[in-house]
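Asker: Below is the structure I would like to discuss, written out as structure tokens.
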Amino acid sequence: MYKWQDLSKVKTVNDVNTVIRLGHSTTLINVGEAWQERNLARIANDIANQEDVRVVLIAGPSSSGKTTTCKRLSIQLVLNEIWPVSLSLDDYFLDREKTPRDADGKYDFESLYALNLELFNQQLSDLIAGKEVELPRYNFVTGKSEKSGEKITLASNEVLVIEGIHALNPELTANIPQEQIFRIFAAPMIIYPLTVDTELRPEDNRLLRRIIRDYKYRGNSAQATLSQWASVRAGEQKWILPYKQYANAVFNTSMPYEVGVIKNQAVPLLQSVPKDDAEYAKAQELLSFMTYFERIPENDVPKTSLLREFLGGSSFEY
């Protein structure tokens, strides 16, 4: 008979696969989701215990699940009688043709200066001062910043919850008193040893998520996403990871079951990469990694799960 305490022994891919083969994948999912929710509740309690906080910042590398973390944390804040107002830094991107370029002449979307810092700083200052602002909305398909028509203010009993890869960069909040800021770093952190010489690293986990997201919501093929990944990783080293040390809290967005679910959508996308393409080798590497994981039906994943940010079917609006 399956016992709850057996879940405490789920440390490796083989352990995860054993649970799935025994027919307990739903239990594994539910416990993984509850573990994340407990950690978000703890972070919300820490925020509630700091009376001066007006701005909560959630940062992390690409495809860490920052948007859903923001939404789920906001629910926990409400339970602490803190009323959240959410902002996404992704909506502050400059029009594509105004984006800075890297040393190779390509658009550097990972740069802090790919954001409209002037607009963001002005709107942040206005909101803290109690003024009304109209939020921008970025169209990733057209590469244009658009007016959203959404106007917001920040009441004295509300806090801004802001997510984006650059959220912990001091330039974003230089004009805000530091005691009013609570910083969170969110990212997958589970390493899956596959063989003696092979492992699925958190950055590979994020790449799988991004391949699905870019295809579903940004009109990019797996080939295109793979070709951008080296630049994305270089940008993370320069613009994101150096600021992790300033976080008040760290949130692990990994879940032990997720690759078994992700492979349902990721495999056909990776199989579409042509053999003569420069990204074919990386696509095959990721496909090889996923063979180690037993498949889990996507329908078993709750609609509030962080994974739904990439898979689709979330009960949250994005």
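Asker: Within 16 Å of residue 84 (Cα to Cα), touching a Lys or Arg at 6+ places or on another chain (Cβ under 9 Å) and loosely packed, with under 12 Cβ neighbours inside 10 Å: which single residue out of 158, 150 fits that description?
Answerer: Sole residue among the options that is within 16 Å of residue 84 (Cα to Cα), touching a Lys or Arg at 6+ places or on another chain (Cβ under 9 Å) and loosely packed, with under 12 Cβ neighbours inside 10 Å: 150.
Asker: Could you grab me the full set of residues in the range 119-147 that are of a type in the set (A, V, I, L, M), surrounded by fewer than 14 Cβ atoms within 10 Å (Cβ to Cβ) and within 27 Å of residue 219 (Cα to Cα)?
Answerer: 141
Asker: On to the next question. Restricting to the range 89-143, count the residues that are in a loop (DSSP other than H, G, I, E, B), under 26 Å from residue 53 (Cα atoms) and touching a residue at least 24 places away in the same chain (Cβ under 8 Å).
Answerer: Residues that pass the stated criteria total 2.
Asker: Which residues, counting only those in the range 262-290, are open to solvent by 60 Å² or more (accessible area, probe 1.4 Å) and touching a residue at least 40 places away in the same chain (Cβ under 8 Å)?
Answerer: 272, 278, listed by residue number.
Asker: Report, by residue number, each residue of the range 298-318 that is over 24 Å from residue 222 (Cα atoms) and either open to solvent by less than 30 Å² (accessible area, probe 1.4 Å) or not in a loop (DSSP other than H, G, I, E, B) (or both).
Answerer: Selection gives 300 alone.
Asker: Tell me whether the range 240-257 contains one or more residues that are among the β-branched types (Val, Ile, Thr), farther than 28 Å from residue 100 by Cβ and out of contact with any Ser or Thr (no Cβ under 8 Å at 6 or more places or on another chain).
Answerer: yes
Asker: So in the range 86-109, with the set limited to residues that are open to solvent by less than 20 Å² (accessible area, probe 1.4 Å) and of a type outside the set (Phe, Trp, Tyr), which one is farthest from residue 33 (Cα to Cα)?
Answerer: Taking the candidates together, the pick is 99.
Asker: Okay, moving on. Starting from residues that are of a type in the set (S, T, N, Q) and part of a helix (DSSP H, G or I), keep the ones in the range 280-297 and report whichever is farthest from residue 216 (Cα to Cα).
Answerer: Result: 288.
Asker: If you don't mind, another one. Which one of the conditions (1) closer than 22 Å to residue 301 by Cβ; (2) surrounded by fewer than 21 Cβ atoms within 10 Å (Cβ to Cβ); (3) among the aromatic types (Phe, Trp, Tyr) does residue 257 fail to meet, given that it meets all the rest?
Answerer: (2)
Asker: Check 186, 230 and return the single one that is without any contact (Cβ under 8 Å) to a residue 60 or more places away in the chain and not hydroxyl-bearing (Ser, Thr, Tyr).
Answerer: Answer to the check: 230.
Asker: Need at least 3 residues that are surrounded by fewer than 19 Cβ atoms within 10 Å (Cβ to Cβ) and at pLDDT below 95 per element, so show me which helices (runs of 4 or more DSSP H) inside the range 1-82 make the cut, counting only ones lying wholly within it.
Answerer: Output list reads 13-21, 25-48.
Asker: Also, quick follow-up: If a residue counts only when it is of a type in the set (Lys, Arg), which helices (runs of 4 or more DSSP H) contained entirely in the range 198-279 have at least 3 such residues?
Answerer: Because the criterion is at least 3 residues that are of a type in the set (Lys, Arg), the helices (runs of 4 or more DSSP H) in the range 198-279 that meet it are 202-217.
Asker: Could you figure out which of (1) surrounded by 21 or more Cβ atoms within 10 Å (Cβ to Cβ); (2) closer than 23 Å to residue 109 by Cβ; (3) in contact with a Phe, Trp or Tyr (Cβ under 7 Å, 6 or more places away or on another chain) isn't true of residue 244?
Answerer: Result: residue 244 fails condition (1) only.
Asker: For the range 171-190, what are the residues that are open to solvent by 70 Å² or more (accessible area, probe 1.4 Å) and assigned to a helix (DSSP H, G or I)?
Answerer: Within the range 171-190, 171, 178, 179 meet the criteria.
Asker: Separate question: Quick one: would you say residue 276 is closer than 17 Å to residue 64 by Cβ and among the acidic types (Asp, Glu)?
Answerer: Against the criterion (closer than 17 Å to residue 64 by Cβ and among the acidic types (Asp, Glu)), residue 276 does not qualify.
The values are calculated or read from the model by the stated rules, or taken from the named source; none is laboratory data. In this text, all values refer to a predicted model and were calculated from it rather than measured experimentally. Ideal geometry is used to build each Cβ from the backbone, glycine not excepted, and the neighbour counts take in all protein chains shown. Ligands, DNA and RNA are excluded from the accessible area calculation, which covers all protein heavy atoms including side chains. Shrake-Rupley method; radii C 1.70, N 1.55, O 1.52, S 1.80 Å.
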